[in-house]
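Structure, as structure tokens:
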Ligand SMILES: Nc1ncnc2c1ncn2[C@@H]1O[C@H](COP(=O)(O)OP(=O)(O)OP(=O)(O)O)[C@@H](O)[C@H]1O
Ligand SMILES: [Mg+2]
């Protein structure tokens, strides 16, 4: 009995995964190979051309999504690492308060937060409208409906998912180890490069995973801040599914995106997540 | 001899929950080059804080730190020619043993082949050759300790600071490492500043000892002096076992409950310490001129090489006596026996108050 206990305890989560992940995935995989239309119904024809057709039509959006997701992730890393570092090493007794502030935006819904950025950045809104009124900005200046707005929105929305794992990794670094490096003639910069940074890489790895995947797949930011010229793959999937009722194409695109992300993660894990990298960083 | 490390009236205050805590309250030390110098004291007395100021991790609130004659009070740790072996080792967890030991040399841009030679030699000395690819977490406490030692020593610093380096080891390994450390120190000839709260360790290894208590140095002297002539009641109590007798002396004699203590040349209130091994236990009344006290044996403990007696006096005070098992293992006195204790006048050591 006792030996079974761990399995019994894990059973609910396995059931959950089976019902809400595996079943819909199998269903979607099957739909992605069907043909037909919403009125007459779909039939399984093992039509792998669904994939090539979808890719042919939407490769621009797919590449754009990867680009925007990558840019947003890079921006989050550049902004988030110093914040995590500061909280972990200089936060003192107020650490938990700073962490709470980082999480504060989550108390407002994701869509609402993005819409408020739309308000803020709109061409003649409170910010740019006022500045234009004062003659500080040219009349045709705009941020909304540009790649900058979409990447900025993604960066803003997913930033906490970058900060938190890096913070956790940095928080675990023993300050004595950093002192030991300085005692052994390392400057502050060298101590960071040789000791702090390598020890925080697992957090960076987790942070990049937790932001790149959802940012690449996200439809909300492009829809609200991107206008018509910055459509991402998430928007296409949504439109195909909800507006065009073209379930096979939507499913094929979803699977393609998933495959691309999985391959990317795998390559990335091989390159960064292993001990080899830590060892290399130690040289 | 030139001095390697000088502390000039150093004070360190911390602000903790809005309150000022004085961890070090004014310490002056002058440590000679090549000396094995120990800081000894109970937990929380400021040993680590003192070391951290020498290494440069903490700036003193007041006072000066000098290394080899130069004022380094405001010099960062990476520019000080001293290395520290941390209380918790603080090895780099993501590096192999080899990379840990080579770290300092690499930072100093030592040529590759010299790094290879010196790290190899050092690992040989600390008996870790063949384990250079291991990670710290794959090593035992004793091995980690030796890595920490090698990592500091390989740089040939002019002074090595060791903060309770043997604290985590079991007794056997600790004794072996004590001998090893002493041998290494003799061989490389560099100044060792050694922090410990183990009095035996300090007594056996050091050239000189600073006994610290509550942020201050109570006594600074050689091991023999510290043991035989403790400067304060705290030192007498902290180092070894010691009997403290107090009272008013008249004409060189201190009258206590059940006897007399000879304190030549003393008058007025005095505090006297007597080491347990200096006291003779017997049934006959001691000769005049010796200190002599009557009491009842309250406890006899057999300790192998010697017996320990607790003898209670008429007023309830207790005196501890050690007697060597030189001839036979039977105790001189049993529990409940009425006995005479005696010792020579020179063994009553009057503590300066
Ligand atoms: N960063 C700090 N902030 C506040 N108080 C501190 C700090 N560091 C040390 N102290 C206090 O200073 C005193 C001396 O500490 P220190 O670490 O020097 O003791 P120690 O002699 O090394 O003790 P141990 O033998 O336990 O290592 C202690 O009372 C400690 O609580
Ligand atoms: Mg300490």
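For residues that are surrounded by fewer than 21 Cβ atoms within 10 Å (Cβ to Cβ) and within 7 Å of chain B (Cβ to nearest Cβ), scanning just the stretch A:180-193, find the one that is farthest from residue B:83 (Cα to Cα).
Restricting to residues being surrounded by fewer than 21 Cβ atoms within 10 Å (Cβ to Cβ) and within 7 Å of chain B (Cβ to nearest Cβ), the top hit is A:190.
When the stretch B:69-83 is filtered for residues that are surrounded by fewer than 19 Cβ atoms within 10 Å (Cβ to Cβ) and within 14 Å of another protein chain (Cβ to nearest Cβ), the ones remaining, listed by number, are B:75, B:76, B:79, B:81.
Could you list all residues from the stretch B:36-48 that are surrounded by fewer than 16 Cβ atoms within 10 Å (Cβ to Cβ) and more than 13 Å from ligand 2 (Cβ to nearest atom)?
Of the stretch B:36-48, the ones surrounded by fewer than 16 Cβ atoms within 10 Å (Cβ to Cβ) are B:42-44.
Within the stretch B:36-48, none qualify.
State whether the residues of the stretch B:49-68 include one that is within 16 Å of ligand 2 (Cβ to nearest atom), free of Cβ contacts under 8 Å to residues at least 12 places away in the same chain and away from every other protein chain (no Cβ under 14 Å). Within the stretch B:49-68, none of the residues are within 16 Å of ligand 2 (Cβ to nearest atom), free of Cβ contacts under 8 Å to residues at least 12 places away in the same chain and away from every other protein chain (no Cβ under 14 Å).
Quick grid of which residues meet (1) more than 16 Å from ligand 2 (Cβ to nearest atom); (2) under 15 Å from the mean Cα position of the chain (by Cα); (3) assigned by TED's automatic domain parsing to the domain that holds residue B:285:
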| site | (1), (2), (3) |
| --- | --- |
| B:213 | no, yes, no |
| B:229 | yes, no, no |
| B:249 | yes, no, yes |
| B:256 | yes, no, yes |
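Residue count for the stretch B:175-218, restricted to those that are within 16 Å of ligand 1 (Cβ to nearest atom) and either at pLDDT 90 or above or touching a helix residue (DSSP H, G or I) at 6+ places or on another chain (Cβ under 8 Å) (or both): 18.
Do we have any residue at all in the stretch B:16-35 that's buried (at least 16 other Cβ atoms within 10 Å of the Cβ), outside any strand (DSSP E or B) and either within 19 Å of the chain's Cα centre (by Cα) or on the phi < 0 side of the Ramachandran plot (or both)? For the stretch B:16-35, residues buried (at least 16 other Cβ atoms within 10 Å of the Cβ), outside any strand (DSSP E or B) and either within 19 Å of the chain's Cα centre (by Cα) or on the phi < 0 side of the Ramachandran plot (or both): present.
Yes or no, residue by residue, for (1) within 16 Å of residue A:258 (Cβ to Cβ); (2) surrounded by 10 or more Cβ atoms within 10 Å (Cβ to Cβ); (3) touching a helix residue (DSSP H, G or I) at 6+ places or on another chain (Cβ under 7 Å):
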position: A:7; (1), (2), (3): no, no, no
position: A:14; (1), (2), (3): no, yes, no
position: A:18; (1), (2), (3): no, yes, no
position: A:22; (1), (2), (3): yes, yes, no
position: A:27; (1), (2), (3): yes, yes, no
position: A:31; (1), (2), (3): yes, yes, yes
position: A:37; (1), (2), (3): no, yes, no
position: A:40; (1), (2), (3): no, no, no
position: A:46; (1), (2), (3): no, yes, no
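Can you tell me how many residues within the stretch B:225-245 are in a strand (DSSP E or B) and either out of contact with any helix residue (DSSP H, G or I) (no Cβ under 9 Å at 6 or more places or on another chain) or on the phi > 0 side of the Ramachandran plot (or both)? First the steps, then the outcome.
Going residue by residue through the stretch B:225-245, those that are in a strand (DSSP E or B) are B:243-245.
From the residues that got through so far, the ones that are either out of contact with any helix residue (DSSP H, G or I) (no Cβ under 9 Å at 6 or more places or on another chain) or on the phi > 0 side of the Ramachandran plot (or both) too are B:245.
Result for the stretch B:225-245: 1.
Conditions tested, residue by residue: (1) at pLDDT 90 or above; (2) on the phi < 0 side of the Ramachandran plot; (3) surrounded by fewer than 19 Cβ atoms within 10 Å (Cβ to Cβ); (4) at the interface with another protein chain (Cβ under 10 Å from one of its Cβ atoms).
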{"position": "A:169", "(1), (2), (3), (4)": "yes, yes, no, no"}
{"position": "A:214", "(1), (2), (3), (4)": "yes, yes, yes, no"}
{"position": "A:230", "(1), (2), (3), (4)": "yes, yes, no, no"}
{"position": "A:280", "(1), (2), (3), (4)": "no, yes, yes, no"}
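So, of the residues in the stretch B:37-52 that are more than 6 Å from ligand 1 (Cβ to nearest atom) and either assigned to a strand (DSSP E or B) or within 14 Å of residue B:7 (Cα to Cα) (or both), which turns out to be nearest to the chain's Cα centre (by Cα)? Residue satisfying both the conditions and the ranking: B:40.
Check whether at least one residue in the stretch B:105-119 is within 19 Å of residue B:188 (Cα to Cα), touching a helix residue (DSSP H, G or I) at 6+ places or on another chain (Cβ under 8 Å), modelled with pLDDT of 90 or more and within 11 Å of chain A (Cβ to nearest Cβ), and report yes or no. Scanning the stretch B:105-119 turns up at least one residue that is within 19 Å of residue B:188 (Cα to Cα), touching a helix residue (DSSP H, G or I) at 6+ places or on another chain (Cβ under 8 Å), modelled with pLDDT of 90 or more and within 11 Å of chain A (Cβ to nearest Cβ).
Of note, residue B:95 satisfies the criterion of being away from ligand 2 (no atom under 16 Å from the Cβ) and either buried (at least 21 other Cβ atoms within 10 Å of the Cβ) or not assigned by TED's automatic domain parsing to the domain that holds residue B:38 (or both).
Taking the criterion of being part of a helix (DSSP H, G or I), under 25 Å from residue A:212 (Cα atoms) and in contact with a helix residue (DSSP H, G or I) (Cβ under 8 Å, 6 or more places away or on another chain), the residues of the stretch A:124-158 that qualify are A:147, A:149, A:150, A:151, A:152, A:153, A:154, A:155, A:156, A:157, A:158.
In summary, residue B:167 fulfils each of the numbered conditions (1) within 24 Å of residue A:180 (Cβ to Cβ); (2) modelled with pLDDT of 85 or more with the single exception of condition (2). Within the stretch A:75-123, the residues that satisfy the criterion of being loosely packed, with under 14 Cβ neighbours inside 10 Å and outside any helix (DSSP H, G or I) are A:108, A:109. Screening the candidates B:288, B:248, B:298 for the property of being more than 16 Å from ligand 1 (Cβ to nearest atom), free of Cβ contacts under 8 Å to residues at least 60 places away in the same chain and not in a strand (DSSP E or B) yields one hit, B:288.
Among the listed residues B:81, B:8, B:30, identify the single one that is within 29 Å of residue A:193 (Cα to Cα) and away from ligand 1 (no atom under 16 Å from the Cβ). Can you show your working first?
Working: B:8 fails: within 29 Å of residue A:193 (Cα to Cα); B:30 fails: within 29 Å of residue A:193 (Cα to Cα).
So the residue among B:81, B:8, B:30 that is within 29 Å of residue A:193 (Cα to Cα) and away from ligand 1 (no atom under 16 Å from the Cβ) is B:81.
Out of all the residues in the stretch A:37-74, which are part of a strand (DSSP E or B) and in contact (Cβ under 8 Å) with a residue 24 or more places away in the chain? Scanning the stretch A:37-74 gives A:37, A:42. The conditions of being within 16 Å of ligand 2 (Cβ to nearest atom) and in the same structural domain as residue B:22 (by TED's automatic domain parsing) are not met by residue B:73.
Please work out if residue B:80 is on the phi < 0 side of the Ramachandran plot and within 16 Å of ligand 2 (Cβ to nearest atom).
So residue B:80 fails the test.
The values are calculated or read from the model by the stated rules, or taken from the named source; none is laboratory data. Just so it is clear, the model here is predicted, and its values are computed rather than measured. All Cβ positions, glycine included, derive from the backbone under ideal geometry; neighbour counts span all protein chains shown.
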